[in-house]
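I have placed the structure first, in the form of structure tokens, so that the comments after it can refer back to it.
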Amino acid sequence: GAKSLGRNNYQVYASNVDTSQQQQNELKSRLRHAVRNGELRVFYQPQVNTVSEDIVGMEALVRWEHPGLGMISPAFFIPLAETTGLIVAIGEWVLRHACEQARLWQDRYGLGLRLGVNLSAVQLMQPGLVGEVATILRETGLDPSLLELEVTESISVKTVPHLEDTLQALHALGCGIAIDDFGTGAASLDYLRRLPAGRIKIDQSFVRNIGVDPDDEAIVRSTIEMAHRLKREVVAEGVEVEEHLQFLRAQGCDELQGYLFCRPLPTPTFEKLLAERQRIVGDRLPAVTA
Ligand code: C2E
Ligand code: MG
Ligand code: MG
Ligand code: MG
């Protein structure tokens with residue numbers, strides 16, 4: 001089962017990142033060179049079908065391997081990248097790199113895995129974004145239907161001009177749109193109603209409280225029901241323990257992502273997982289040609 005995906009502790013971050021103003025400024029100027037110097041890494045975290053526990057997708061999650069400080073978490077450097085505008089170059093790099101990788105895995109293993117890539121509000125404000133995504137899809141040859149762009153719910157329809165049009169245009173390229181961190185923003189329902197999102201990702205702050213807080217359980221249950229009534233699919237994020245899995249399965253949640261199954265993995269480790277999975281399902285699926 002997917003639980004043998006492993007409990008590898010790949011997510012060890014530099015714990016000594018000093019966040020003094022001076023250090024932040026230094027990191028900003030280092031970050032400016034990080035893309036060019038090849039210091040960014042993309043890790044991949046599997047998303048599994050709730051019933052079969054088969055891998056159905058993966059989320060690309062960026063890390064910064066700083067030569068002196070080690071692996072730095074995106075939770076730390078993405079905000080820095082957003083205030084400096086560097087997120088535009090970083091986001092483009094991540095998208096291209098992850099699409100290339102997904103295309104390669106599709107050719108090699110033919111599993112039709114979906115690739116989720118996060119988009120920042122700053123990227124969504126760039127007039128060139130849609131053209132850039134189209135170019136990356138064309139140049140990497142990834143089937144657009146395998147790409148799903150994740151837009152966090154904290155992005156406001158008001159602060160990002162033309163958000164709906166931009167997402168419609170991205171959707172028209174053939175990619176999927178997912179609403180990330182669902183339930184944490186102020187406009188969940190408005191988002192569901194207005195945006196061309198086929199999937200929502202229930203935020204881990206709710207999932208964490210399954211078995212702990214009946215209110216959060218009620219929110220998770222209602223969110224799944226509402227999403228299904230609106231013909232959207234649901235992924236639960238931050239699934240860490242068996243109790244979360246059982247609850248989400250009972251509620252009919254479509255897919256799960258979390259440490260219970262697997263942490264985000266570096267490319268070679270994720271590929272081993274795919275090779276293993278292909279061996280397992282190889283008997284059941286027709287042979288795939290690239
Ligand atoms: P996110 O898009 O909501 O991604 C899910 C986060 O939850 C990831 O954190 C993942 O490692 C973590 N996670 C997965 N399963 C579990 C679990 O069972 N328990 C817990 N506690 N956490 C779990 P990560 O990789 O540190 O990324 C944090 C955030 O940084 C992401 O949240 C996303 O908002 C942002 N981010 C990451 N990569 C990119 C990127 O390429 N571009 C942009 N714009 N943002 C990114
Ligand atoms: Mg995400
Ligand atoms: Mg999230
Ligand atoms: Mg997020």
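If the segment from residue 186 to residue 125 were pulled out straight at 0.36 nm per residue, it would be longer than the present Cα-Cα gap by 20.0 nm. A helix-only calculation puts the chain at -13000 deg cm²/dmol for mean residue ellipticity at 222 nm, using -39500 (n - 2.57) for each DSSP H run of at least four residues, averaged over all residues. Of all segments of the chain bounded by trypsin sites (Lys or Arg not before Pro) found in a DSSP loop with no more than 10 other C-beta atoms within 10 Å, the longest spans 37-157.
Using Cα pairs closer than 8 Å and at least 6 residues apart in sequence, work out the relative contact order for the chain, in percent.
So the answer I get is 21 percent.
Per residue, the accessible area of the chain comes to 46 Å² when a 1.4 Å probe rolls over the protein heavy atoms. With r as the distance between the Cβ atoms of residue 231 and residue 36 and R0 = 41 Å, compute the FRET efficiency 1/(1 + (r/R0)^6) and round to 0.05. That gives a FRET efficiency of 0.40. Heavy-atom surface analysis with a 1.4 Å probe gives the chain a carbon and sulfur content of 51 percent of its accessible area. Modelled spin-label separation between residue 24 and residue 209, with each label point placed 7 Å from Cα along the Cα-to-Cβ direction: 2.9 nm.
For residue 13 and residue 250, FRET efficiency with R0 = 30 Å and r from the beta-carbon atoms, rounded to 0.05?
Computed FRET efficiency for residue 250 and residue 13: 0.30.
The length gained by stretching the chain between residue 143 and residue 279 to full extension, at 0.36 nm per residue less their Cα-Cα distance, is 46.6 nm. For region 99-181, the relative contact order comes to 36 percent (Cα pairs under 8 Å, sequence separation of at least 6). Between residue 71 and residue 162, the modelled labels are 3.8 nm apart [label points 7 Å from Cα along Cα→Cβ].
The values are calculated or read from the model by the stated rules, or taken from the named source; none is laboratory data. Given the structure is predicted, the values throughout are model-derived calculations rather than measurements. Virtual Cβ from ideal backbone geometry, glycine too; neighbours counted across all protein chains shown. With ligands, DNA and RNA removed, areas are computed over all heavy atoms of the protein, side chains included. Shrake-Rupley method; radii C 1.70, N 1.55, O 1.52, S 1.80 Å.
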